[in-house]
Amino acid sequence: MSRPSPALQMICFIAAVMACCLVILAISGPALASASSQAPTARRAADEMGKGFNLGQMFDAGQHPPTLEAARGKIDAYYDRGFRVVRIPVTWTEVVDGGTLADPDTGAIDRDAERLAALTAVIDYALAKPGLYVVINAHHETRLKDGMRADVLERLWSDIASLYRDRDHRLVFEILNEPHFSNHDAMPADRLREMTGRAYRRIRANDPERVILIGGNQWFGADEMAKTWPDLEEVGGGRDPYLMATFHHYNPWTFNGDNQGDYADPWTEADIHGPMQVMAEWAGSTGQGMPVFIGEWGVGWHSRLAAMDCNNIRLWYARFNAHHAAPLGMPTAVWDDGGWFQLYDHEKEAFSSNLIDCIDGQCRWTGSDRFNADCA
């Protein structure tokens, strides 16, 4: 039998190598491309988040057990109603449930903390639900804020970003909730920008495509955004498509506020729309088209009412998301702490009123009077 010429052998070898490469690309190429395409921009994330809820007073305070067992029913109930973002407030450097998640002096995470393992279990449970976004933040960090500890916030987010680096990009990071001192004064805007910027850069070093939320000062009011962020130099200079703005909407506080609400308050559509418009204007100018997430909203009815049967409150919930936020392309997360702002009753493992229906735009009233007897 005659042997093929060296040239023919080389051609066969090259063909074999190319065939192997094609097989490898066929197997890994789509997966690699998919991994990249699965990182949603902030705009895409906002569009997909839609209406959402807060897992309040669980990992940020001791009202509910910080466990997957305690969280599962609430997550399931909201998800089954079409809610596609859960915001999980998390306190890292202050004591909750007997311990901290991070060293208050350095920001270093305690990876052996039991509450951290439970938080991770809840995050993973939520991310396993198709299309559900998860927002985690730094919530009640009193000493960190009072000391304006940029170094602690920087290390904290470096560790968080590293810990969850391999999680789906539906996991979103909110750097610092309601930045105010313990006397309730606003933090200096320039210091807040510096602190936020240092944390932002640490997150970006771990993951350039993780969606990050930035907010204004003090109570995250809409009017604080322009005061806090006259430019975006500390957070990518306007060149980061994975950056989203956030604010909280409890306007008017005399109606929404916990333990002081006047539930017969004759609020108007402007009370709802006004703060949203303020944020939309900032986002369209300084924010350079940045999407906006309303991270908290709601009425603290249970501070005074044993049961929710006030039509004026129902109307607020019916108008807020469906008629104002959604048309502006602003995803929302209703504040549900299972207490004063309750929608979901943790003890009964069920929604306690029809406010959950109202969020979709309409719901049953008791009678036809907006200011019915239960609003008094």
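Rg over Rh for region 307-359 works out to 0.99, both radii taken from alpha-carbon positions and Rh defined as the Kirkwood radius.
Principal axis extents of the C-alpha atoms in the chain (largest first, rounded to whole Å): 103, 46, 44. Taking the longest Cα principal axis of the chain as reference, the axis of helix 150-163 is set at about 60 degrees. Residue-wise HN-Hα couplings along region 43-58, as the Karplus relation 6.51 cos²θ - 1.76 cosθ + 1.60 with θ = phi - 60° gives them from phi, are 5, 5, 4, 4, 5, 7, 5, x, 8, x, 8, 9, 8, x, 6, 10 Hz; Gly and Pro carry x. Translational diffusion of region 147-266 was estimated from the Stokes-Einstein equation, with Rh taken as the Kirkwood radius over Cα pairs; at 25 °C and 0.890 mPa s the coefficient is 159 µm²/s. The phi-based Karplus calculation (6.51 cos²θ - 1.76 cosθ + 1.60; θ = phi - 60°) puts the 3J(HN,Hα) values of region 172-186 at 10, 10, 9, 5, 8, 6, 6, x, 9, 6, 5, 8, 6, 5, 5 Hz, whole numbers, x for Gly and Pro. Between ALA222 and HIS248, the built amide H atoms are under 5 Å apart, and every one of these is 5 or more places off in sequence or on another chain. In plain terms, the C-alpha convex hull of region 279-376 casts an average shadow of 7.0 nm² when viewed from every direction.
The number of Lys pairs in the chain with C-alpha atoms less than 22 Å apart, excluding pairs fewer than 8 positions apart on the same chain, is 5. Measuring nothing but how far apart in sequence close Cα pairs (under 8 Å, 6+ apart) lie, relative to its length, the chain scores a relative contact order of 16 percent.
Any read-out appearing in this document is the output of simple, stated calculations on the displayed coordinates, not a laboratory observation. Predicted model only: the values in this text are computed from it and were never measured.
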